[in-house]
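Heads up: the structure comes next, in structure tokens.
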Amino acid sequence: MEVLRWEKNCLLILDQSELPQNTHFIECTHYRQVAQAIQEMKVRGAPALGAAAAFGLALSAFNFTGNEGSTFERFLLEAAQTLRATRPTAVNLNWAVEKMLKVSHKLSGKTLAQIREGLLEAAHQILMEQREQDEQISSFGAVLIPSPARVLTYCNTGALATAGLGTALGVIFKAHQQGKEIHVYVPETRPVLQGARLTVWELKQRGVPFTLITDNTAGSLFAQGKIDLVIVGADRIVANGDFANKIGTYNLAVLAAYHRRPFYVAAPLSTFDPNLKKGEDIPVEIRNPDEVRKIKGSLITYENCPVFNPSFDITPHELVSGYITERGIMKPPFNDALFSRDLAL
Ligand code: MRU
């Protein structure tokens, strides 16, 4: 399943807002189209957002038509700012933009053709490294899954969210490939329904048994002893281990703690933000109220009904049993050396 594809100076983005009914790609020939696709959640999931933003910046070098280095620099910074502002919680987006700016800085003095080539190569490298990290996360995480296991996951953290195997869902896929007997419970994930539309689609394609539930069913499943463990992804994990993930994640962490079930977070190191000390420092994206008022374009309440629509919530680190990363399974305090953010280019 290809989520992002570069073809002839154009970034093709699989439109996730149309899945699973329609599989179509949006053609982006300008970085502003990439920014719009990110904002409208045509592409989503923290790692995939980072990769999309990296290609968006590469694209901006193709959009630039001037010939002066300083004007290009301003153009690139403007593109970086536009892309960064699209979704403020997922730190991978900012991380990828920073990496690309660093690469561009190293290329200063080169011809525009060389800069374009260098930025494009860096974007491809981000994507490639992400795929390798997903494999490592999945292998480390699969060890934590017993057989048989009834697993609760949330939102979508598979191939669609990372452009690789996935993080939390990657762990589930890996354990399934290893022959473990797994049943996955998937909350639908209102308001945008990533669970109902995307996660079950991915699980079905890979032949992993699952049951779709409404978001408010999880508590009852725990109470009946039907959940063995929870595994979710993250949009930003800060220095003390508090993390942001899809709104509703905190509810599941509290349920897991109350019912004494392990609660794991699977994420690459690019999702860690050691610059922020605790969860309350994380900027939480508030989205359009119409996402709550409507389902697939149909109004389910009255027009202009007051709505609160945060895209993410913050889960405190005390509720997390372990953080599954490409370097292994961790617990805070994290080792600072892990977060060296330089791109080896
Ligand atoms: O709003 P979304 O769909 O981008 O939110 C996605 C999530 O919350 C995921 O759990 C997170 O980005 C990790 S994806 C590997």
Unique match (being crowded, with 24+ Cβ neighbours inside 10 Å and either within 12 Å of the ligand (Cβ to nearest atom) or under 19 Å from residue 11 (Cα atoms) (or both)) among 118, 166 | 166
Among the residues of region 95-110, is there at least one that is within 16 Å of the chain's Cα centre (by Cα), charged (D, E, K, R) and not assigned by TED's automatic domain parsing to the domain that holds residue 197?
-> no
Neighbours by Cβ (under 7 Å, 6+ apart or cross-chain): first from region 21-44, in contact (Cβ under 8 Å) with a residue 24 or more places away in the chain and not assigned by TED's automatic domain parsing to the domain that holds residue 56; second part of a strand (DSSP E or B) and within 16 Å of the ligand (Cβ to nearest atom) | none
Single match in 139, 147 (criterion: away from the ligand (no atom under 15 Å from the Cβ) and in a helix (DSSP H, G or I)) = 139
The number of residues in region 16-61 that are on the phi > 0 side of the Ramachandran plot and not aliphatic (A, V, I, L, M) is 1
Mind listing just one residue for me: the one in region 192-206 that is in contact with a strand residue (DSSP E or B) (Cβ under 8 Å, 6 or more places away or on another chain) and either open to solvent by 10 Å² or more (accessible area, probe 1.4 Å) or not assigned by TED's automatic domain parsing to the domain that holds residue 169 (or both) and, of those, nearest to the ligand (Cβ to nearest atom)?
-> 193
Members of region 139-154 found to be surrounded by fewer than 23 Cβ atoms within 10 Å (Cβ to Cβ) and among the small types (Gly, Ala, Ser), listed by number | 139, 142, 147, 149
Identify all residues within region 236-268 that are over 16 Å from the mean Cα position of the chain (by Cα) and small (Gly, Ala, Ser); write none if there are none.
-> 239, 241, 253, 256, 257
For the subset of region 207-253 comprising residues that are in contact with an Asp or Glu (Cβ under 7 Å, 6 or more places away or on another chain) and assigned to a loop (DSSP other than H, G, I, E, B), which member is farthest from the ligand (Cβ to nearest atom)?
-> 214
Residue 304 being touching a Lys or Arg at 6+ places or on another chain (Cβ under 9 Å), open to solvent by 80 Å² or more (accessible area, probe 1.4 Å) and farther than 30 Å from residue 175 by Cα = yes
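Residues are listed down the side, and each one gets a yes or a no for (1) assigned to a loop (DSSP other than H, G, I, E, B); (2) more than 17 Å from residue 271 (Cβ to Cβ); (3) open to solvent by 10 Å² or more (accessible area, probe 1.4 Å):
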| residue | (1), (2), (3) |
| --- | --- |
| 123 | no, yes, no |
| 128 | no, yes, yes |
| 156 | yes, no, no |
| 170 | no, no, no |
| 174 | no, yes, yes |
| 189 | yes, yes, no |
Hey, does region 47-58 have a residue that's touching a residue at least 60 places away in the same chain (Cβ under 8 Å), within 16 Å of the ligand (Cβ to nearest atom) and either in contact with a Gly (Cβ under 8 Å, 6 or more places away or on another chain) or open to solvent by 10 Å² or more (accessible area, probe 1.4 Å) (or both)?
-> yes
For region 36-46, how many residues meet the condition of being open to solvent by 10 Å² or more (accessible area, probe 1.4 Å) and in a helix (DSSP H, G or I)?
-> 2
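The values are calculated or read from the model by the stated rules, or taken from the named source; none is laboratory data. Remember, predicted model here, so these are calculated numbers, not experimental data. Neighbour counts are summed over all protein chains in view; Cβ atoms, including those assigned to glycine, are modelled from backbone coordinates with ideal geometry. Calculation scope for accessible area: heavy atoms of the full protein, side chains included, ligands and nucleic acids excluded. Shrake-Rupley method; radii C 1.70, N 1.55, O 1.52, S 1.80 Å.
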